[in-house]
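Have a look at the structure below, then the notes.
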Amino acid sequence: MKTLKIAIQKSGRLNEKSVEILKNCGLSFENYKSSLIATVANFPLEILFLRDDDIPEYVQDGIADLGIVGENVIIEAGADVSYLQPLGFGKCTLKIAVQSTSNITELSQLNGKAIATSYPVILQKYLSENNVDAQIRNISGSVEIGPGLGLSDAIFDIVSTGGTLKSNGLKAFKNVMDSQAVLIASKGMELNPEVLELLQRIQSVLRAKA
Ligand code: ATP
Ligand code: ZN
């Protein structure tokens, strides 16, 4: 029997819930902060602990058979993987925000404007769908400071509470995408008996919680 590999986030917002759901499936494994790989004692499974950004590609390329990662990260990576199950945690919304003093009220007013983001793919798709021609400034973090520094007219980022926006003098303007953690598999692995067994266990854990 082939030992499956599942990739989950090593540390960050999805780590704890990802570990928890696997443990609740009855999987027994050691979860040391320092180790990058854990072997499950009672199921043919190894757990790889990775940066979330790397998970879609690992699963697409079959280095991991399964993965738990935010939908936003999968879509941004353009990864070709199978979606098996939304997991109900890691929920967030990707929004366009502008300065609180801005008079921008319509999407069309973003034409010719600069938008700072770490999610250029998702943003470009949305702008194209809405016939907006804006300049996307791809930066890897702290996009909220962009408008205050004159780097951008707007930002596109994950917003959960809005507190970060407010403290940077910004206000949300358009909701673009809702995201949550999902279980994904490499194409072709959906019908593997162990994958199906694990999926069924995850689904019963989710049902028990609902
Ligand atoms: P890594 O070190 O693995 O690259 P990271 O800093 O990119 O981690 P986290 O901040 O841990 O990522 O977020 C992981 C995922 O959690 C996001 O991609 C998103 O799907 C989800 N998420 C839920 N709420 C939020 C939030 N308020 N801010 C950012 N991400 C959130
Ligand atoms: Zn990341």
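FYI, it's all coordinate maths here, none of it is from the lab. Values in this document were obtained by computation on a predicted structure and should not be read as measured data. Note that each Cβ is placed from the backbone with ideal geometry, even for glycine, and that neighbours are counted across all protein chains shown.
Within the listed set Asn72, Asn15, Asn24, the Gaussian network model of the chain (springs between alpha-carbon atoms below 10 Å) gives the highest mean-square fluctuation for Asn24. Database remark: amide H of Phe89 closer than 5 angstrom to the amide H of Ala181 (H placed geometrically; neighbours at sequence offset of 5 or more, or on other chains; Pro and chain starts carry no H).
Averaging the Cα positions of each part gives two centres, and for the stretch 141-159 and the stretch 1-52 these lie 35 Å apart.
Where does the stretch 92-178 land on the Kirkwood hydrodynamic radius, alpha-carbon pairs, in angstrom?
Values: mean 1/r = 0.0801 Å⁻¹.
Here the Kirkwood hydrodynamic radius works out to 12.5 Å.
The Cα atoms of the stretch 22-127 cover 59, 27, 26 Å along the three principal axes, with the biggest extent listed first. Under the convention that each Lys and Arg Cβ holds +1 and each Asp and Glu Cβ holds -1, the size of the dipole of the stretch 92-178 around its Cα centre is about 120 debye. By the beta-carbon count within 10 Å of each Cβ, the least crowded to most crowded order of Val121, Val176, fewest first, is Val121, Val176.
For the stretch 15-63, the set of trypsin sites (Lys or Arg not before Pro) satisfying both a DSSP loop assignment and a count of at most 10 other C-beta atoms within 10 Å is given as Lys33. On a per residue basis, the convex hull of the C-alpha atoms belonging to the stretch 19-59 measures out at 82 Å³. In the elastic network of the chain, a GNM with C-alpha springs shorter than 10 Å, the most mobile of Ile104, Ile184, Ile158 is Ile104.
Stokes-Einstein diffusion for the chain, with the hydrodynamic radius set to the Kirkwood value over Cα pairs and evaluated at 25 °C in a medium of 0.890 mPa s, equals 133 µm²/s.
Structure remark: mean-square fluctuation, Gaussian network model of the chain, C-alpha springs under 10 Å; the largest value among Tyr119, Tyr32, Tyr83 belongs to Tyr32.
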